[in-house]
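The values are calculated or read from the model by the stated rules, or taken from the named source; none is laboratory data. Computed from a predicted model, the values in this text were never measured in an experiment. Note that we place each Cβ from the backbone using ideal geometry, even for glycine, and neighbour counts take in every protein chain shown. Side chains included, ligands, DNA and RNA excluded: accessible areas come from the protein's heavy atoms. Shrake-Rupley method; radii C 1.70, N 1.55, O 1.52, S 1.80 Å.
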Amino acid sequence: MGRLRILILGGTSEARLLAEGLAARDECDVLLSLAGRTEKPAAQPVPVRIGGFGGGAALADFLKAGGYDLLIDATHPFAERISANAAFAAETTGIAAIALRRPEWQRVAGDRWRDVRSIPAAIEALGPSPRHVFLATGRQGAHHTEAAPQHHYLVRSVDPVEPPLALDNVDYVLDRGPFTLEGESDLLRQHHIDAIVAKNSGGAATYAKIEAARLLGIEVMMVARAPDSIVKAVETVEAALAAIDHLFPPAMKRGV
């Protein structure tokens with residue numbers, strides 16, 4: 001079958017590491033697709049396309065037109081729409097697909113988590129009394145804070161929140177992980193934070209805020225992930241590479 005053509009839907013550190021692993025294999029042609037939500041994306045080890053596809057049917061057309069053999073969904077665990085489109089495209093075209101999903105964080109002794117379904121549910125769960133809230137969910141969905149203007153918000157994102165939030169009490173921090181326990185503890189103390197709104201993203205890069213909350217006794221409104229799509233999921237880059245070898249044994253890929 002010649003060279004193996006792979007489309008990776010990326011935007012995560014795992015997607016970059018997977019692309020790196022595949023780039024080292026002579027028999028693979030890899031294209032990494034990024035949604036383009038971050039203004040200055042990190043450098044990548046393979047060719048990159050930026051921007052959406054325009055829905056599941058359009059993604060299916062792109063896969064067929066490009067002669068792709070494999071679709072890998074390595075998007076953020078909360079990129080539900082993209083993952084749904086990927087599942088639809090794989091099912092429609094019959095092209096093999098796997099999802100690379102880092103495991104969720106698990107509650108441990110000392111954590112004060114309140115499980116919520118969404119960012120609006122998290123904002124509502126803060127209650128009516130004014131609180132100092134660290135919104136650690138990025139700029140997507142930050143506008144939901146406007147429904148509860150009584151709180152003081154600290155909003156952290158990679159790129160600026162545009163337009164700025166219609167709130168009297170809001171501070172912005174522009175920063176990109178990975179973050180440290182010491183740095184997160186200092187940030188929480190400095191802003192007198194007593195509640196954090198976070199997504200259960202998993203992974204090490206942003207876990208320090210969860211550790212810091214545990215040490216400082218701060219409540220976390222933990223937004224749960226949506227149920228997994230129908231695409232077969234693996235949890236690590238190594239497992240993804242093994243799954244690719246299982247789907248396309250090396251001898252097949254070389255056309256032997």
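Do any residues in the stretch 180-195 that are in the same structural domain as residue 210 (by the TED database) and over 23 Å from residue 125 (Cα atoms) have Cβ atoms under 6 Å from those of residues that are open to solvent by 20 Å² or more (accessible area, probe 1.4 Å) and assigned to a helix (DSSP H, G or I), where the two are at least six apart or on different chains, and which pairs are they?
181/211
So residue 95 fits all but one of (1) modelled with pLDDT of 95 or more; (2) more than 14 Å from residue 5 (Cβ to Cβ); (3) more than 18 Å from the chain's Cα centre (by Cα); (4) among the aliphatic types (A, V, I, L, M); what number is the exception?
(2)
Of the residues that make up the stretch 145-154, is at least one in a helix (DSSP H, G or I), under 25 Å from the mean Cα position of the chain (by Cα), free of Cβ contacts under 8 Å to residues at least 24 places away in the same chain and not assigned by the TED database to the domain that holds residue 76?
yes
Can you name the residue in the stretch 46-68 that is touching a residue at least 40 places away in the same chain (Cβ under 8 Å) and either part of a loop (DSSP other than H, G, I, E, B) or under 24 Å from residue 236 (Cβ atoms) (or both) and is also most open to solvent (accessible area, probe 1.4 Å) among such residues?
As a first pass, look at the stretch 46-68 and keep what is touching a residue at least 40 places away in the same chain (Cβ under 8 Å): 62-63, 66-68.
Imposing the further condition that a residue be either part of a loop (DSSP other than H, G, I, E, B) or under 24 Å from residue 236 (Cβ atoms) (or both) reduces the set to 66-68.
Numbers: 66: 23, 67: 40, 68: 24 Å².
Only one residue tops the list, namely 67.
Considering the stretch 94-153 alone, what residues qualify as being polar (S, T, N, Q) and in contact with a Leu (Cβ under 7 Å, 6 or more places away or on another chain)? Give the derivation first.
To start, the set of residues in the stretch 94-153 that are polar (S, T, N, Q) comprises 106, 118, 129, 137, 140, 145, 150.
Matches in the stretch 94-153: 145 only.
Looking for whichever is of a type in the set (A, V, I, L, M), more than 24 Å from residue 120 (Cα to Cα) and within 14 Å of the chain's Cα centre (by Cα) here; the options are 226, 205. Which one fits? Before the answer, list the steps.
On the way: 226 fails: more than 24 Å from residue 120 (Cα to Cα).
205 is the lone residue from the list that is of a type in the set (A, V, I, L, M), more than 24 Å from residue 120 (Cα to Cα) and within 14 Å of the chain's Cα centre (by Cα).
Based on this model, can you work out whether residue 11 counts as over 23 Å from residue 242 (Cβ atoms), touching a residue at least 12 places away in the same chain (Cβ under 8 Å) and either of a type in the set (Gly, Ala, Ser) or open to solvent by less than 40 Å² (accessible area, probe 1.4 Å) (or both)? Please lay out each step first, then the result.
Values: over 23 Å from residue 242 (Cβ atoms): no; touching a residue at least 12 places away in the same chain (Cβ under 8 Å): yes; either of a type in the set (Gly, Ala, Ser) or open to solvent by less than 40 Å² (accessible area, probe 1.4 Å) (or both): yes.
For residue 11, the condition - over 23 Å from residue 242 (Cβ atoms), touching a residue at least 12 places away in the same chain (Cβ under 8 Å) and either of a type in the set (Gly, Ala, Ser) or open to solvent by less than 40 Å² (accessible area, probe 1.4 Å) (or both) - is not met.
Considering only residues of the stretch 69-119 that are part of a helix (DSSP H, G or I), open to solvent by 60 Å² or more (accessible area, probe 1.4 Å) and touching a residue at least 12 places away in the same chain (Cβ under 8 Å), which is nearest to residue 15 (Cα to Cα)? Step through it out loud before you land on a result.
Kept after step one, since they are part of a helix (DSSP H, G or I), are these residues of the stretch 69-119: 80-93, 119.
Now restrict to residues that are open to solvent by 60 Å² or more (accessible area, probe 1.4 Å): 80-81, 88, 91-92.
Among the residues that remain, those that are also touching a residue at least 12 places away in the same chain (Cβ under 8 Å) are: 80, 88, 91-92.
Numbers: 80: 16, 88: 20, 91: 22, 92: 23 Å.
Going through the qualifying residues, I end up with 80.
If you take the residues in the stretch 197-224 that are assigned to a strand (DSSP E or B) and charged (D, E, K, R), which one is least open to solvent (accessible area, probe 1.4 Å)? It would help to see each step written out before you state the result.
Step one: of the stretch 197-224, the residues assigned to a strand (DSSP E or B) are 197-199, 219-223.
This time we only want the ones that are charged (D, E, K, R), so: 199, 219.
On the way: 199: 38, 219: 23 Å².
So, considering only residues that are assigned to a strand (DSSP E or B) and charged (D, E, K, R), the one least open to solvent (accessible area, probe 1.4 Å) is 219.
Take the residues in the stretch 151-189 that are at pLDDT below 95 and small (Gly, Ala, Ser); name whichever of them is farthest from residue 14 (Cα to Cα).
Within the stretch 151-189, the match that is farthest from residue 14 (Cα to Cα) is 157.
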